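These notes are about the structure you will find just below.
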Amino acid sequence: MGMAADSEFHVLAVDDSIIDRKLIERLLKTSSYQVTTVDSGSKALEFLGLHEDDRIHQNTPSVSPNNHQWRLQEVEVNLVITDYCMPGMTGYDLLKKIKESSSLKNIPVVIMSSENVPSRISRCLEEGAEEFFLKPVRLSDLSKLRPHMLKTKSKDHCKEQVDEKTAFPSPKQEGKEEQQQSNNNKRKAMEEGVSPERTRPRPNGITSVV
Amino acid sequence: MDLVQLQRQLVEYRTSLYHEGFLDEQFTQLQELQDENNPDFVVEVVSLFFEDSERLLNELTKALEQQSIDFKRVDAHVHQLKGSSSSIGAQRVQKVCIAFRNYCEEQNVEGCLKCLQQVRHEYSLVKTKLESMFQLEQQILSAGGSIPM
């Protein structure tokens, strides 16, 4: 393959449901992302290298059983996608912790939830979440992720594309039905186009993301 | 039965599962995520759903047998079951879970017990049907055919 900068984006997916972890992993891999899944917010923070409190130092095995390389922060995470409703640390709590951390706050965070609660959605967006997806998440939803990851990829390359892509409006979930319909069209385009080559940033505009 | 007949039978069976509300669009999404590189994806996810649901049904039974029922706990389990059934497209199971959660909120024991019975029933139905469907798929593959979409 090309240089490391040639971009495979790495997504950290957080969900306490084993079924949903399997699903989101497949969705993300189909979209050509590298994926790590964890089953809790505290494990997510561990993986991100944030050793905030004693809770994190547990007996339970960490994410990668015998691999401690990630503690040295060799692993770059380009986006965190997390379930909202989780026991212990909720997705919202995780979002807050990430945004409050000087080392992690630039990582885009996306929230997923099975419940369409407008106040929940606005709270998350206000706290800095880039997107709020209703479950079950679809392939077409994931096409919204790339612009957020491109924005924060190493600033020394692809800067021209990054600038073009920052003008991305936040979705309003009230119009979900309309979105679903246009998503159906997007989904077709997405599926036809999915291949490793798509991970290379393109020189033209936003339309190429779809 | 020859290959073409098997394939036709599968398509008819699958269509009926959608018509009868056992499966919804989300199940189609799962199938679309399966490909030559991940040929067992659907079976794997559905197997996880079976294991997880059985665990949850046992937890629910235990929780509702208690002298003093912890409705929050019951609701938490139903919420999980609702989520996982929704994720695989098991529509009828999901619908019962919605009613179940309402009874939890009302702290209605009888309602909860009825829903538990119903959800067990719906779960067992969809499990049987999915297993039959997977068997048909296996027969087709063993006969050298491909699974019609």
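The values are calculated or read from the model by the stated rules, or taken from the named source; none is laboratory data. What you see is a predicted model, and the numbers here were worked out from it, not measured in a lab. With ideal geometry, Cβ positions are generated from the backbone for all residues, glycine too; neighbour counts draw on all protein chains shown.
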Which of the residues that make up segment A:99-141 are buried (at least 21 other Cβ atoms within 10 Å of the Cβ) and part of a helix (DSSP H, G or I)?
A:I121, A:C124, A:S140, A:D141
Condition check: within 11 Å of another protein chain (Cβ to nearest Cβ) and modelled with pLDDT of 95 or more. Does B:Q91 satisfy that?
no
B:L33 - would you say it is within 24 Å of A:S113 (Cβ to Cβ), free of Cβ contacts under 8 Å to residues at least 12 places away in the same chain and within 14 Å of chain A (Cβ to nearest Cβ)?
yes
Assess whether A:K165 counts as being within 18 Å of the chain's Cα centre (by Cα) and modelled with pLDDT under 85.
yes
Tell me, please, whether a residue that is within 14 Å of chain A (Cβ to nearest Cβ), surrounded by fewer than 20 Cβ atoms within 10 Å (Cβ to Cβ) and in a helix (DSSP H, G or I) can be found in segment B:105-124.
yes
Which residues, taken from segment A:146-162, are part of a helix (DSSP H, G or I), within 24 Å of A:K29 (Cβ to Cβ) and either basic (K, R) or modelled with pLDDT of 95 or more (or both)?
A:R146, A:K151
B:Q26 passes all but one of (1) within 14 Å of another protein chain (Cβ to nearest Cβ); (2) within 13 Å of the chain's Cα centre (by Cα); (3) closer than 19 Å to A:D16 by Cα; which number fails?
(3)
Would you confirm whether any residue within segment B:49-58 is without any contact (Cβ under 8 Å) to a residue 12 or more places away in the chain and touching an Asp or Glu at 6+ places or on another chain (Cβ under 9 Å)?
no
Given the conditions (1) within 23 Å of B:K129 (Cα to Cα); (2) within 12 Å of chain A (Cβ to nearest Cβ); (3) not hydrophobic (A, V, I, L, M, F, W, C), and given that B:T15 satisfies all but one, which numbered condition is not satisfied?
(2)
For segment B:23-30, does any single residue satisfy the condition of being surrounded by fewer than 19 Cβ atoms within 10 Å (Cβ to Cβ) and assigned to a helix (DSSP H, G or I)?
yes
Being among the aliphatic types (A, V, I, L, M) and buried (at least 20 other Cβ atoms within 10 Å of the Cβ): is that true of B:L81 here?
yes
